[in-house]
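Peer 1: Quick one: the structure is below, and I'll ask about it shortly.
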Amino acid sequence: MIAAIGSSSYLTRRTAPLLRELNERDCTDHPLLVGTDHAAGVRSLARTGRTVITDRDAVMADRNVDCVYISSATGRHFADCRDALAAGKHVLVEKPACLRAVDARELDRLAQAADRTVFECLSYPYHPAWREFVDRARAMDRAGPTTVAAVFRIPDQEPTNFRLHPRHGGAAADLGTYCVDALMKLGAVVEDLTISAVPLVDSDTDAGTAIASHPLDGRIFTGSWAIGDTYRNSIVVADPGCSLELSRVFSLPPDIPGHVVERLRGEQKPTSVVSMGPVNATRVCLADGMRRVRDSGTAGLVRHEVIARRIAVLESLTNTLSAHVRNS
């Protein structure tokens, strides 16, 4: 049986019903257990389905629970994963699995020692529109220098939102993870990325960039993210002849079709080249995570080296933020 830890809005809006589906698929008729220190944040779950709100320790101690979905604030992910493994549970954890590369490798070591699986839930690559976009981007007949740009920027959040607290890595850990991961999947060498904070006039805006260039083949990779700015969410691959664009790639709602559009040089209007029906990428991601959990050959943090490398390149920002909090 799978249970959850945390009180994020994503758990409330998207994930809890899918966790109940997974339990029902396993012929488990128990209510979904959600362990949290902030019950008010998930109280609505108890009204929308068969859910029991309890505390974190109760979930860890429940012998019927063999897998824990961790939806706590990012800075707690490592400790929650470590404690779940110590309690004999498999783990599905929201991205990023932790804030330090050394902790990602430690999670892999702990999970292998416990013969348990830790799976990082990063849903967007599971959407078929993303996969089609990547295939088309790789097949482009590049007529010159190519730019690959990933952008994820969201407006101001509530002051209590964990994303705004430095100890949880800020925008770099949340939105930056998406951008850097997408650039890696499109061919960027993560160690070549230069990561920096963006000084903006609005001091309440948390923003950053990732930039890398490949002089030999003329490719330039850029990532841009911000909390406290206007909304933007897209991936664009462009050469002098045309560009491919996938919008809402990082948080496409499950009831919205996915579109890949192409803009040819000199043409004003884009052309839709791919249109995918609505797909719940979170459901597909969780299903893959549970397949890994049930496979006895996948002990450890799945894709731990890739995850550790991605986390490492963002540490220059996430660690600076955390150090500021510790020293203030």
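The values are calculated or read from the model by the stated rules, or taken from the named source; none is laboratory data. All figures in this text were calculated on a predicted structure; none of them were measured in a lab. For neighbour counting, all protein chains shown are included, and Cβ atoms are generated from backbone atoms with ideal geometry for every residue, glycine included. Calculation scope for accessible area: heavy atoms of the full protein, side chains included, ligands and nucleic acids excluded. Shrake-Rupley method; radii C 1.70, N 1.55, O 1.52, S 1.80 Å.
Peer 1: Right, PHE119: within 14 Å of the chain's Cα centre (by Cα), open to solvent by 10 Å² or more (accessible area, probe 1.4 Å) and among the hydrophobic types (A, V, I, L, M, F, W, C) or not?
Peer 2: It is false that PHE119 is within 14 Å of the chain's Cα centre (by Cα), open to solvent by 10 Å² or more (accessible area, probe 1.4 Å) and among the hydrophobic types (A, V, I, L, M, F, W, C).
Peer 1: Could you run through the range 260-275 and say how many residues are surrounded by 18 or more Cβ atoms within 10 Å (Cβ to Cβ) and modelled with pLDDT under 90?
Peer 2: 1
Peer 1: Please find, among ALA104, ALA129, ALA111, ALA97, the residue that is open to solvent by less than 10 Å² (accessible area, probe 1.4 Å), touching an Asp or Glu at 6+ places or on another chain (Cβ under 7 Å) and under 24 Å from ARG292 (Cα atoms).
Peer 2: The conditions single out ALA97.
Peer 1: Starting from the range 277-299, keep only residues that are closer than 15 Å to ILE256 by Cβ, then list their pairs with residues that are among the β-branched types (Val, Ile, Thr) whose Cβ atoms are within a distance under 9 Å, requiring at least 6 positions of separation or different chains.
Peer 2: PRO278/ILE256; THR282/THR15
Peer 1: Name the residue that is modelled with the lowest pLDDT, counting only residues in the range 199-233 that are small (Gly, Ala, Ser) and more than 15 Å from PRO155 (Cα to Cα). Don't jump to the end; show me each part of the working.
Peer 2: Step one: list which residues in the range 199-233 are small (Gly, Ala, Ser), which gives 203, 207-208, 210, 212-213, 218, 223-224, 226, 228.
Those still in the list that are more than 15 Å from PRO155 (Cα to Cα) too: 210, 212-213, 218, 223.
Details: ALA210: 96, ALA212: 96, SER213: 90, GLY218: 83, GLY223: 97.
Once the filter is applied, the top-ranked residue is GLY218.
Peer 1: Would a scan of the range 319-328 turn up a residue that is outside any strand (DSSP E or B) and either among the charged types (D, E, K, R) or under 29 Å from MET1 (Cα atoms) (or both)?
Peer 2: yes
Peer 1: Does SER251 fit the bill of being in contact (Cβ under 8 Å) with a residue 40 or more places away in the chain, of a type outside the set (Val, Ile, Thr) and in a loop (DSSP other than H, G, I, E, B)?
Peer 2: The answer is yes for SER251.
Peer 1: Say we look at the range 218-248 and pick out the residues that are free of Cβ contacts under 8 Å to residues at least 40 places away in the same chain and of a type in the set (D, E, K, R); which of these is surrounded by the most Cβ atoms within 10 Å (Cβ to Cβ)?
Peer 2: Going through the qualifying residues, I end up with GLU245.
Peer 1: Quick check on the range 276-301: of everything there that is more than 27 Å from VAL236 (Cβ to Cβ) and at pLDDT below 90, which residue is surrounded by the fewest Cβ atoms within 10 Å (Cβ to Cβ)?
Peer 2: Result: GLY297.
Peer 1: Can you pull out the residues in the range 220-258 that are more than 18 Å from ASP174 (Cα to Cα) and touching a Gly at 6+ places or on another chain (Cβ under 7 Å)?
Peer 2: ASP239, PRO240, PRO257
Peer 1: Among residues belonging to the range 134-156 that are in a helix (DSSP H, G or I) and in contact (Cβ under 8 Å) with a residue 60 or more places away in the chain, point out the one that is farthest from ALA172 (Cα to Cα).
Peer 2: If we take residues in the range 134-156 being in a helix (DSSP H, G or I) and in contact (Cβ under 8 Å) with a residue 60 or more places away in the chain, then ARG136 is farthest from ALA172 (Cα to Cα).
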